[in-house]
1. When each pair of different Cα atoms in the chain is counted once in the 1/r mean, what is the Kirkwood radius in angstroms, to one decimal?
2. Using the Cα centre as the reference, give the magnitude of the dipole from point charges on the C-beta atoms of the chain (Lys, Arg: +1; Asp, Glu: -1; all else neutral), rounded to the nearest 20 debye.
3. Any aspartates and glutamates with Cα under 17 Å of the Lys108 Cα? List them, leaving off those in the same chain fewer than 8 positions away.
4. Fewest to most neighbouring Cβ within 10 Å: what's the order for Met53, Met1?
5. Got a sec? How would Asp70, Asp43 order by Cβ neighbour count within 10 Å, fewest to most?
6. Sort Glu117, Glu77 by Cβ crowding within 10 Å, fewest neighbours at the top.
7. For the range 58-128, build the convex hull from the C-alpha positions and give me its volume per residue in Å³.
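All of the numbers you see were taken from the coordinates with simple rules; none came from a lab. This structure is a prediction, so every number in the text was calculated from the model and none was measured. Neighbour counts are summed over all protein chains in view; Cβ atoms, including those assigned to glycine, are modelled from backbone coordinates with ideal geometry.
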Amino acid sequence: MTLDSSTRTVTIQASYDKAFAFLVDPSNHAKWAVGFIKGSRMDGDTFMVTTPMGEISYDVKGDKRTGLLDILLGGEESIPTRLLRNQDGVDFLFTFHRQPQVPTEVFKGQLKELDHELQVLKSILEQQ
């Protein structure tokens, strides 16, 4: 079964190196993913986040050369994101899939929240 998906993009006036360093560190995600991450803590070597669905492990695997940044939820689900150079700034792309059990209207609300979170990210990186 193919899932519905949407890729959102935000253009950020920040250097590639600064944006990548910020995004590859999972502890920074609570600063901008304000609708999804409600709290965070370390459990040994594992970064844990509290989400509307409960507590899960959260990690980011990145490749600075290609700009690939995979967000790993619960050690299994991967959310693909990508950082692209754009002159002296960057574009950050975030692909979100609608899970089969999520109604279309809920998915639309999640996308609206993601759009807000990407604006929060833009604001943070442009003020640093």
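1. Working: mean 1/r = 0.0660 Å⁻¹.
Computed over Cα pairs of the chain, the Kirkwood hydrodynamic radius comes out at 15.1 Å.
2. Around 280 debye, computed over the chain.
3. Partners within reach: Asp4, Glu117.
4. Placing the least packed residue first, the sequence is Met1, Met53.
5. Ordered by Cβ neighbours within 10 Å, fewest first: Asp43, Asp70.
6. Details: Glu117 20, Glu77 11.
The most exposed by this proxy come first: Glu77, Glu117.
7. Once divided by residue count, the hull of the range 58-128 is 108 Å³.
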